[in-house]
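The values are calculated or read from the model by the stated rules, or taken from the named source; none is laboratory data. Fair warning: this is a prediction, and the values are worked out from it, not measured in the lab. Counting neighbours? That spans all protein chains shown, and the Cβs are built from the backbone with ideal geometry, glycine included.
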Amino acid sequence: MPTRCPPPLRCRSAGVTFVEILVAAALLAMVFAIGWTISSSFLGVRKVRDYEVAVALATQAIEAVRAARHRELGADKDGRKDSLLYDFNNLGQPFDDEAGEGFVPVVKVGPVEFKREVAITDCPSLLDGLPSGCKFVRVTVRWKAQEDGTPMVFEAATTHADVW
């Protein structure tokens, strides 16, 4: 004989309703999405760190160019060995050592190797026989991503005017 419940209470048989299943599925989906977001953000931190190093290397080169006198910069077509451009793109300068002093074309930070290339070109003058006194500086930093080895590039450009 089935048991009877008092009138203000309703008796339920054991089981779940469709609404309870939907609520449980929604909660599981939210927990899964939050976990996925947190785990994927850890990979983004590493990528940002690599870009930070590339930006720092490009900024170091640009600030050195800004601090130098115009005649000390050199240009790609000059080929002078007493220029800042030669210091950037070659090893074996007096101030290049293991401590990272000086300007070296390849910088290793952890397992990642950053290759910095500095190019300086003379801007053309509109007046014949008179140099423009302006140089275009392009700094390119190349490296391979730690996660999948894809080649990455960061490029910065500026100009330098002869104001000395």
TODO: Could you pull out the residue among Lys135, Lys108 that is basic (Lys, Arg), in contact with a Ser or Thr (Cβ under 9 Å, 6 or more places away or on another chain), outside any loop (DSSP other than H, G, I, E, B) and at pLDDT 75 or above?
DONE: Lys135
- [ ] Can you tell me which residue within the range 48-60, out of those that are modelled with pLDDT under 85 and surrounded by 13 or more Cβ atoms within 10 Å (Cβ to Cβ), is farthest from the chain's Cα centre (by Cα)?
- [x] Arg49
- [ ] Taking Glu63 as meeting all but one of (1) among the acidic types (Asp, Glu); (2) at pLDDT below 85; (3) part of a helix (DSSP H, G or I), write down the number of the exception.
- [x] (2)
TODO: Tell me, yes or no, whether the range 153-162 has at least one residue that is outside any helix (DSSP H, G or I) and modelled with pLDDT under 85.
DONE: yes
